[in-house]
1. If we keep just the residues of the range B:358-389 that are surrounded by 22 or more Cβ atoms within 10 Å (Cβ to Cβ) and aliphatic (A, V, I, L, M), which is farthest from B:A338 (Cα to Cα)?
2. With respect to B:T172, determine if the residue is at pLDDT 95 or above, of a type in the set (S, T, N, Q), buried (at least 23 other Cβ atoms within 10 Å of the Cβ) and over 30 Å from A:C106 (Cα atoms).
3. Report, by residue number, each residue of the range B:175-188 that is touching a Pro at 6+ places or on another chain (Cβ under 8 Å), touching a residue at least 40 places away in the same chain (Cβ under 8 Å) and surrounded by 21 or more Cβ atoms within 10 Å (Cβ to Cβ).
4. Any idea which of A:R29, A:R10, A:R73, A:R82 is in the same structural domain as A:V247 (by TED's automatic domain parsing), more than 30 Å from B:V20 (Cα to Cα) and of a type in the set (D, E, K, R)?
5. If you check A:E292, A:E320, A:E315, which single one turns out to be acidic (D, E) and in contact with a Lys or Arg (Cβ under 6 Å, 6 or more places away or on another chain)?
6. Inspect all residues belonging to the range A:349-357 and state whether any of them is surrounded by fewer than 18 Cβ atoms within 10 Å (Cβ to Cβ) and at pLDDT 95 or above.
7. Can you name every residue in the range B:101-128 that is buried (at least 24 other Cβ atoms within 10 Å of the Cβ) and either polar (S, T, N, Q) or on the phi > 0 side of the Ramachandran plot (or both)?
8. For the range A:135-170, which positions are in contact (Cβ under 8 Å) with a residue 24 or more places away in the chain, among the hydrophobic types (A, V, I, L, M, F, W, C) and touching a helix residue (DSSP H, G or I) at 6+ places or on another chain (Cβ under 7 Å)?
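The values are calculated or read from the model by the stated rules, or taken from the named source; none is laboratory data. The shown structure was predicted, so the numbers you read here are calculated from the model rather than taken from an experiment. Here Cβ is always computed from backbone atoms with ideal geometry, including for glycine, and neighbour counts include all displayed protein chains.
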Protein chains: 2
Amino acid sequence: MPFLNDLSARALAAPESGIVELVNHARTRDNLLPLWVGEGDLPTPDFISKAASDALLGGETFYTWQRGVPELRQALANYYSRHFAVDLPADHFYATGSGMQAIVLCVQALTSPGDEMVYLSPTWPNIVSAIEIAGTKAVGLPLTFADGRWSLDFDRLEAMITPKTKALFINTPSNPTGWTATKEDLKKVLEVARRHGIWILADEIYALYYYGEGARAPSFLDVMEEGDRVLFANSFSKNWSMTGWRVGWIVAPPEIGHVLENLIQYSTSGVAAFMQRGAIAALDQGDGFVAENIARATQARDILCDRLIATNRVETLKPEGALYAFLKIDGITDSRKAAFDIVDQTGVGLAPGTAFGAGGEAFLRACFLRNARQIEEAADRLSRYILAL
Amino acid sequence: MPFLNDLSARALAAPESGIVELVNHARTRDNLLPLWVGEGDLPTPDFISKAASDALLGGETFYTWQRGVPELRQALANYYSRHFAVDLPADHFYATGSGMQAIVLCVQALTSPGDEMVYLSPTWPNIVSAIEIAGTKAVGLPLTFADGRWSLDFDRLEAMITPKTKALFINTPSNPTGWTATKEDLKKVLEVARRHGIWILADEIYALYYYGEGARAPSFLDVMEEGDRVLFANSFSKNWSMTGWRVGWIVAPPEIGHVLENLIQYSTSGVAAFMQRGAIAALDQGDGFVAENIARATQARDILCDRLIATNRVETLKPEGALYAFLKIDGITDSRKAAFDIVDQTGVGLAPGTAFGAGGEAFLRACFLRNARQIEEAADRLSRYILAL
């Protein structure tokens, strides 16, 4: 492998996704129920695709605004006004080529090689790799799992911070655990960040997929004050069934706008204008579709979790937010081995917890954003498998 | 500026594009002839947009292959077979979210923070910033300008290489200079790379815009041998009038495919499948359109360059390749100041050579991929301006 040995350490260190490995193993299996990736079963609704298609066929195929077209930035401002009751003018919003890229650009904006960034594990594996590829050290703090629920130990969080720590990555509601910070939790995190003069990079992409009191999960936007250093990375993927589009956004103070514009310029140089027209339709006309998606997720969560908990072999309670049951099943300790066995035996594709870092090794993740019939079938097959363990 | 001071050194160091500054100054001017960015005046042809639109409306909106859909990779293989007479199987090709991203991912694959990468200047400014944001040191070697032509001093090139040098970035035909390496030049560069065990990152996106003998510019593909370490970054932007799409590709040895797949996963996680359908149409059905684009560029180059050289105040000869006249005009030494003055006085938007780094300070770049009428008008206005200097 002469070529391979010659690549950079950071590239060689980036691991294959532990989910992709399993998907490649079984993607062509008959009768597959694919709950392994964070994606629903509906294509993008027509009113969104039509808006993008019209713009594309109408010739919106030239270079465009690096920060996003003005109408998209205004539509984002309106969306935050409706759903988060905040008055953020359009100059707080920046279009990116996926939520993933929003995170990468924020990591670049906040850290230089050799700096540290703290995150909570188990976590979406792409976070750690995005940080490390940027040359920054990713420092993980495991959440605590007890009585079927996850929680954050704030003293341990504060103890992770060193003079090299530049930012804290917080994903709430969390993929894969479903952990959802309360308003009090967010205040405490903010206090830690203030005390140490570090940034928060907030990933609240599942904010509307919330199963507690109120219309959405608590947000840093509810507790922030003037001068607090918080960037938000977000995505059109989950709310509007646009996973394949690769469009996201950043919320940031306008003072740093030209820096974000430069980082966009020097990474992918903007998002296709015609894609942005689809994103505007999603924001301006998509509240009804999002409500339907949330209703489907709520129903599917109840079906899947109630059935599996009824086996009396599953420790995890129902998640408070996001789209995943992160299952601790009695008798399973090696989730990678179990995920291969489960898909081979039952045809249900689950993501192994090993893919999500420290604390997740014994868990299996099921994405439940699918139609009730398939979720019932998955619950049946998994229940039988679990009871036979 | 409390937020701004708190950002990373690498983000703060990334400069605003020296072209964007001028565009923002004059984009709304009446009677503007915008030759300042590297973009033609035609929208994407319908057969390409239609293919993408059909896939989008047909529901190809889910996560897809990180390396690119198999049909796109095969279409790229066929394209290289037709235009470069090489037999590279489909597993040599990787779809990326722009040519810019292709370069960024290659920089990450080849270098770690603290390493060095050598490039030739004047150059497209995004190159230097992409390298530096990755934490790698960009080391520029100015090309030599004499008798109206640019050339590369191979001894000086070899002298730039240190133990920290991991790769050499070579853009030929070159933006902005039009410098086009001969086959002999490419062999010499390859020998330097072999001697020092370093990679070449080749940007040959203008290969088909070539005004010398033969159907295209010489390529590293013509002179490479088994085991040579060369990556190619490319883009759909210029050949198929798809600048706004943000789709590109990498050509690489299949042995490093999983590493590139990981870097794609952890940057933007792939290119929309429906965009890839457009790219496939471009490759499979686009040779005629590309030939038309080349014919337009050839005609426009003659009109613009002949007229300006006829003033006897322009030192630069006609470019051998790419889409730019990089003009050295008697009496102009500060190109930034001149670019503002020219657009204010004549309405012709030119990119100041200051934007392209060492060696370009006195030059002005004109992109000539436009219809003949506009190019004639630009030549008229510029000739009058030059003769009045």
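1. Of all residues in the range B:358-389, those surrounded by 22 or more Cβ atoms within 10 Å (Cβ to Cβ) come to B:360, B:363-370, B:375, B:378-379, B:382.
Then keep just the ones that are aliphatic (A, V, I, L, M); that gives B:364, B:366, B:369, B:375, B:378-379, B:382.
On the way: B:L364: 8, B:A366: 13, B:L369: 22, B:I375: 20, B:A378: 16, B:A379: 16, B:L382: 12 Å.
Only one residue tops the list, namely B:L369.
2. Criteria met by B:T172.
3. First, the residues of the range B:175-188 that are touching a Pro at 6+ places or on another chain (Cβ under 8 Å): B:176-183, B:185-186.
In the following step, the residues that additionally are touching a residue at least 40 places away in the same chain (Cβ under 8 Å) were identified as B:176-180, B:183.
B:P176, B:T177, B:G178, B:W179, B:T180, listed by residue number.
4. From the options A:R29, A:R10, A:R73, A:R82, the qualifying one is A:R82.
5. A:E315
6. no
7. B:Q101, B:Q108, B:T111, B:T123
8. Of everything in the range A:135-170, those that are in contact (Cβ under 8 Å) with a residue 24 or more places away in the chain, among the hydrophobic types (A, V, I, L, M, F, W, C) and touching a helix residue (DSSP H, G or I) at 6+ places or on another chain (Cβ under 7 Å) turn out to be A:V139, A:L152, A:F154, A:L157, A:I161, A:A167, A:L168, A:F169, A:I170.
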